[in-house]
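See below for the structure under consideration.
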Amino acid sequence: MSGFVPDRRLVRLRPLIADHVDHIMGWVNDAEIVGNLAAFAGAPMTREDELRWIARVTASKEDRVFSIFAGDDDRYLGQCGLHQIFRRSRVGRLSVIIADRGEMGRGVGSAAIAALLDVAFRSEQDGGEGLHKVWLMVFAKNTRSRRTYTRLGFVEEGVLREEYFHEGGWHDMVRMSLLAREWSKG
């Protein structure tokens, strides 16, 4: 890991439950928040859609999703998770979204990612996932997120040219990853 150590006290991760749906509905249809998500289809999500998604990911063996709350009070800040967990190879895809615009740029995203990486790389006996590698995809033009991931120790593995069609055009995506041995609890 690089010399950057996020302040994990800024956040608390809680396993996603259906009761968190109203928090999610506060941002899931906000194009300014979800516009950098490759999975964003542009079609509005209903509360029922979101409840079905919560039911699916909480029952899944390939997903582990958390709601992010402020470390000093009970303010909801966003979501993060490990997806597409492939147990045989011990790899999974990281996702994070900070839904409160007022919290963006204040370190809560980095703190949430660090807390999630702790879960990803902690052994299964200790309540973690025991992963060897965590990877992610980010729009090549999203330099802010790329800098954040790099500060946390992620390495750019390559560019997937014109990988996603979004907002009327093709976009390059950068795949980044971090290995368990590269991660330090800080």
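The values are calculated or read from the model by the stated rules, or taken from the named source; none is laboratory data. Treat the numbers as computed from the prediction; the structure is a model and nothing was measured. Every residue, glycine as well, gets a Cβ built from its backbone with ideal geometry; the counts of neighbours run over all protein chains shown.
Select from segment 83-121 the residues that are out of contact with any Lys or Arg (no Cβ under 9 Å at 6 or more places or on another chain) and of a type in the set (Lys, Arg) and list them in ascending order.
Of everything in segment 83-121, those that are out of contact with any Lys or Arg (no Cβ under 9 Å at 6 or more places or on another chain) and of a type in the set (Lys, Arg) turn out to be 88, 93, 101, 106.
Looking only at segment 9-32, which residues are farther than 19 Å from residue 113 by Cα and β-branched (Val, Ile, Thr)?
Answer for segment 9-32, where residues must be farther than 19 Å from residue 113 by Cα and β-branched (Val, Ile, Thr): 17, 21, 28.
Every residue, every condition in (1) in contact with a Lys or Arg (Cβ under 9 Å, 6 or more places away or on another chain); (2) crowded, with 17+ Cβ neighbours inside 10 Å; (3) of a type in the set (D, E, K, R); (4) part of a strand (DSSP E or B), yes or no:
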site	(1), (2), (3), (4)
144	no, no, yes, no
150	no, no, no, no
156	yes, no, yes, yes
173	yes, yes, no, yes
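Exactly one condition in (1) touching a Gly at 6+ places or on another chain (Cβ under 9 Å); (2) within 20 Å of residue 16 (Cα to Cα) is false for residue 145; which is it?
Going through (1) touching a Gly at 6+ places or on another chain (Cβ under 9 Å); (2) within 20 Å of residue 16 (Cα to Cα) one by one, residue 145 breaks only (2).
Quick check on my filter: what residues within segment 1-30 are of a type in the set (D, E, K, R), surrounded by 13 or more Cβ atoms within 10 Å (Cβ to Cβ) and in a helix (DSSP H, G or I)?
Of everything in segment 1-30, just one residue is of a type in the set (D, E, K, R), surrounded by 13 or more Cβ atoms within 10 Å (Cβ to Cβ) and in a helix (DSSP H, G or I), namely 8.
Given the condition part of a loop (DSSP other than H, G, I, E, B), at pLDDT below 95, of a type in the set (A, V, I, L, M, F, W, C) and under 27 Å from residue 175 (Cβ atoms), answer yes or no: does some residue in segment 42-49 qualify?
yes
Given the options 123, 95, name the one that is in contact with a Cys (Cβ under 9 Å, 6 or more places away or on another chain) and at negative phi.
Result: 95 is the single residue among 123, 95 that is in contact with a Cys (Cβ under 9 Å, 6 or more places away or on another chain) and at negative phi.
Select, from 147, 181, the only residue that is out of contact with any strand residue (DSSP E or B) (no Cβ under 7 Å at 6 or more places or on another chain), among the charged types (D, E, K, R) and under 21 Å from residue 68 (Cβ atoms).
Going through 147, 181 in turn, the sole match is 147.
Of all residues being without any contact (Cβ under 8 Å) to a residue 60 or more places away in the chain and in a helix (DSSP H, G or I) in segment 69-118, which is nearest to residue 57 (Cα to Cα)? Just the residue, please.
Among those residues, the one meeting the criterion is 109.
Taking the residues in segment 75-92 that are of a type in the set (D, E, K, R) and over 17 Å from residue 104 (Cα atoms) as candidates, determine which candidate is surrounded by the most Cβ atoms within 10 Å (Cβ to Cβ).
Within segment 75-92, the match that is surrounded by the most Cβ atoms within 10 Å (Cβ to Cβ) is 90.
So which of 186, 168 is over 30 Å from residue 22 (Cβ atoms), modelled with pLDDT under 95, surrounded by 14 or more Cβ atoms within 10 Å (Cβ to Cβ) and among the small types (Gly, Ala, Ser)?
It is 186.
Looking only at segment 137-166, filter to residues that are in contact (Cβ under 8 Å) with a residue 24 or more places away in the chain and among the charged types (D, E, K, R); which one of those is farthest from residue 4 (Cα to Cα)?
Looking at residues that are in contact (Cβ under 8 Å) with a residue 24 or more places away in the chain and among the charged types (D, E, K, R), I get 163.
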